[in-house]
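Here's the structure, in structure tokens; my notes come after.
The values are calculated or read from the model by the stated rules, or taken from the named source; none is laboratory data. Small disclaimer: the values here were computed from a predicted structure and weren't measured. Cβ coordinates were reconstructed from backbone atoms using ideal geometry, including for glycine residues, and neighbour counts include every protein chain displayed. We work out accessible area using only protein heavy atoms, side chains counted, and drop any ligands, DNA or RNA first. Shrake-Rupley method; radii C 1.70, N 1.55, O 1.52, S 1.80 Å.
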Amino acid sequence: MRRALFIGIAYTHTAQLLPHCHDDVDNMLGFFSARFPDVQDIVVLTDKEGQPADRVPTRANLLSAMHWLVDDAKPGDRFFLHYSGRGGRERDDGGDEDDGWDEALLPMDFEESGQIRDDVMHAVLCEPLPKGSFLTAVFDCSHSGSKEHR
């Protein structure tokens with residue numbers, strides 16, 4: 001495993017509160033670290049109090065971390081992504097969804113910055129991967145059926 005990204009958004013101090021997303025990240029990080037102890041490139045984004053600005057799960061930081069995750073991927077590389085937070089959907093404007101809806105992630109600033117659609121995630125996370133590299137993505141959210149593919 002080359003790199004891992006863990007995202008937990010509890011939407012603290014909002015009407016959207018999901019109180020256990022930080023626990024999900026802590027548990028998954030512990031599980032992952034026990035099985036892949038040699039992985040040193042790990043980024044964690046949460047909306048816990050006191051997080052540095054670049055580790056807060058805003059739309060910009062989520063996209064930046066997703067780019068980082070698969071940057072310079074080579075055949076044989078393996079990557080891991082875990083997301084615990086709200087999921088959503090928006091009307092498909094590209095005509096590539098059988099059900100007419102794009103699935104999406106809701107960053108903590110989604111009301112100002114918008115959702116991150118599955119088409120965007122596919123372009124950022126999957127399209128750069130060369131043949132023979134692998135991404136394992138675990139989405140713990142609603143509307144998570146096809147987050148990384150079109």
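Quick notes
- Summed over the residues of the stretch 1-137 and divided among them, the accessible surface reaches 51 Å² per residue at a probe radius of 1.4 Å.
- Under a 5 Å amide H cut-off, with hydrogens placed 1.01 Å from N, Gly88 pairs with Ala104, Leu105, Leu106 among residues at least 5 apart or on other chains.
- Computed from phi, the 3J(HN,Hα) profile of the stretch 77-84 under the Karplus parametrisation 6.51, -1.76, 1.60 (θ = phi - 60°) reads 5, 10, 10, 9, 10, 10, 10, 10 Hz, with x in place of Gly and Pro.
- The chain - percent of accessible surface contributed by carbon and sulfur, probe 1.4 Å: 49
- Under 10 Å, Cβ to Cβ, from Met1 - net charge with Lys/Arg +1 and Asp/Glu -1: +1
- Applying 1/(1 + (r/R0)^6) with r as the Cβ-Cβ distance of Arg78 and Ser113 and R0 = 30 angstrom yields a FRET efficiency of 0.50.
- Put a plus charge on the Cβ of each Lys and Arg, a minus charge on the Cβ of each Asp and Glu, and nothing anywhere else: the dipole of the stretch 1-121 about its Cα centre is then about 620 debye.
- Options Asn27, Thr46, Trp101, ranked by Cα towards positive dipole end of the chain, top entry (Cβ charges): Asn27
- Shape category assigned to the chain from the gyration tensor of Cα positions, a/c cut at 1.5: oblate
- A crude spin-label estimate for the pair Asp41 and Thr12, with each label 7 Å from Cα along the Cβ direction, gives 2.9 nm.
- Residue by residue, the stretch 56-63 carries 3J(HN,Hα) couplings of 8, x, 7, 4, 4, 5, 4, 5 Hz when phi is fed to the Karplus relation 6.51 cos²θ - 1.76 cosθ + 1.60 (θ = phi - 60°); x denotes Gly or Pro.
- Around the amide H of His82, modelled in the peptide plane, lie the amide H atoms of Leu5, Phe6, Ile7, Val138, all under 5 Å away and 5 or more residues distant in sequence or on another chain.
- Solvent-accessible area of Leu135, all protein chains in place: 40 Å² (probe radius 1.4 Å, heavy atoms, ligands and nucleic acids excluded).
- 222 nm mean residue ellipticity, helices alone, for the chain (DSSP H n ≥ 4; -39,500 (n - 2.57); rounded to 500): -6500 deg cm²/dmol
- Residues whose placed amide H lies under 5 Å from that of Leu135, excluding near-sequence neighbours: Phe79
- Cα-centre dipole for the stretch 53-101 with unit charges at Cβ (Lys and Arg positive, Asp and Glu negative), debye to 20: 400
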